[in-house]
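Before any comments, here is the structure.
The values are calculated or read from the model by the stated rules, or taken from the named source; none is laboratory data. Here the structure is a predicted model, which is why all the values come from computation and not from measurement. Every residue, glycine as well, gets a Cβ built from its backbone with ideal geometry; the counts of neighbours run over all protein chains shown. Ligands, DNA and RNA are excluded from the accessible area calculation, which covers all protein heavy atoms including side chains. Shrake-Rupley method; radii C 1.70, N 1.55, O 1.52, S 1.80 Å.
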Amino acid sequence: MIKLTMLCLPVILFLTACDNEGFNQQYDNKQQVSQIEIEQKRHAEENERFKINSNPQKHYQLTIDVENAPGKFGQFTAYANYQAVNCKYLMTSSYSYPYYSIPLEFVRILENQYQVRFYLDGMLDEDYYGTGICEWKLQNVSVLFSAIGAKTDTRFSAGISDTDLYKKMIETNHRKEYYPIYEERPGSISNGLIKERALPEEYFTFYTTIEKI
């Protein structure tokens, strides 16, 4: 097995919208970006109080098989994302639920097969605000593949949501033409497509197997 160097980036919230191809579109409205930056700073301040569970018990593994990709992937990012919906804290003018993202290690098993492991109970349930125990729940595991990790690369999603945990396998398809860069939207995230809308030769596939360890 070959351990891959994973670029651990801070989770950044973008103001996005999805088109019918599952592509995130980033808007560069300066006022919106400024507000997002303020909120990011506020979230970062809150994140300093939250604790990772030092003795997690609910262990899961994703095995991702790549089929018919148009090229090689040299950059990978993966995070387990958690939220405590029974707690809240004040933002600039509204309340937000605590959330936290734990970076995950990627392992290449075969040329086109990868694994990543995570815990359902990765965060420590605790009374962080003096109002009762904050109960953390896994929201999703975000997994992104890109050609070389350049800012303009398309990032292809192979992640799962919490509702996928009880499935044996999920399939995510992406258009080959978006690799390595989708010229109309450089740096975007491809969330997948409905394969019935494309010819078989026009897309490639991530098969993600979900296992409890």
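In plain terms, the chain from A69 to N47 could stretch by 4.2 nm, reckoned as 0.36 nm per residue minus the Cα-Cα distance.
Measuring between their Cα centroids, segment 81-96 and segment 136-213 lie 28 Å from each other.
With a Förster radius of 45 Å applied to the C-beta separation of L199 and D121, the computed FRET efficiency comes to 0.55.
Remark: for residue pairs K58/K151; K168/K195; K167/K195, the C-alpha separation exceeds 31 Å in K58/K151.
Of the peptides 135-141, 192-198, the order by per-residue mean of other Cβ atoms within 10 Å, starting with the highest, comes out as 135-141, 192-198. When each of the peptides 97-106, 165-174 is scored by the mean number of other C-beta atoms lying within 10 Å of its residues, the order from highest to lowest reads 97-106, 165-174. Note on segment 60-165: with neighbouring protein chains present and a 1.4 Å probe, carbon and sulfur make up 48 percent of its accessible heavy-atom surface. Okay, which of segment 48-82 sit inside 13 Å, backbone N to the point 7 Å along the Cα-Cβ direction of E171? Of the residues in segment 48-82, 67-68 have backbone N under 13 Å from the label point off E171.
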